[in-house]
1. With the Cα gyration tensor of the range 1-142 in hand, convert its eigenvalues to equivalent ellipsoid semi-axes via √(5λ) and list them largest first in whole Å.
2. Return the ratio Rg/(2.2 N^0.38 Å) for the range 57-108, where Rg is computed over Cα atoms only.
3. Counting other C-beta atoms within 10 Å, which of 199, 28 has the fewest, and how do the rest follow?
4. Which three extents, in whole angstrom, do the alpha-carbon atoms of the range 2-237 cover along their principal axes, largest first?
5. Using only the alpha carbons, work out the radius of gyration and Dmax of the range 78-202 in angstrom.
């Protein structure tokens with residue numbers, strides 16, 4: 001058990017399942033951290049998500065809700081959640097119940113040289129399309145960013161809040177994971193890895209399609225260029 005934990009849940013059009021998801025999180029979160037909070041970031045949903053999570057927050061002071069007026073992307077939702085976090089550690093998971101907190105018995109201990117913990121999915125029940133795209137994504141990040149994590153974009157990560165306060169994140173989409181890991185490496189910090197079961201999606205459907213492969217490849221290269229320019233500026237400025 002860790003002392004303090006902010007659990008961040010980005011949500012976009014999750015009205016069908018968000019109440020059940022939050023109920024599960026509320027049941028198992030106290031086992032992971034004595035002092036905890038749940039921050040739901042409604043990323044501009046156009047269904048009843050905001051109404052539902054608003055009622056949940058009114059009923060339980062552990063829950064806080066932050067809303068984007070328009071859909072900005074998963075990375076933008078997580079960045080909003082990071083800024084809102086009040087606890088020493090941040091854990092983020094998706095709202096679709098594919099990651100079950102009841103199966104995480106304990107969170108690994110991290111030393112000072114560790115920025116956090118990255119989950120890697122085992123026994124995946126995703127459609128074949130999504131599994132192929134995830135594999136190609138891992139290959140791309142390994143080639144472009146030299147990242148060797150087993151599952152870069154696993155939707156389960158535990159990160160020090162102090163580290164998130166030290167870095168500037170710009171990604172609005174799925175590349176937020178790559179950016180976090182890359183910036184930890186720049187600071188000489190590493191991530192531990194832990195296996196997490198990955199269950200079939202309970203409600204709704206994934207929006208990931210093969211056409212996103214080319215968009216993601218372009219975004220990876222753009223992010224690499226942006227991070228390289230930022231590194232050059234730090235060198236020139238002496239920071």
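Quick note: the coordinates plus some simple rules give every number you see, no bench work behind them. Just so it is clear, the structure is predicted and the values come from calculations on it, not from any experiment. Glycine gets a Cβ as well: all are built from the backbone with ideal geometry, and neighbour counts include every protein chain shown.
1. Details: eigenvalues 106, 91, 46 Å².
One finds semi-axes of 23, 21, 15 Å for the range 1-142.
2. On the way: Rg = 13.0 Å, N = 52, 2.2 N^0.38 = 9.9 Å.
Computed over Cα atoms of the range 57-108, the ratio equals 1.32.
3. 28, 199
4. 51, 40, 36
5. In order Rg, Dmax, the Cα atoms of the range 78-202 give 14.2, 39 Å.
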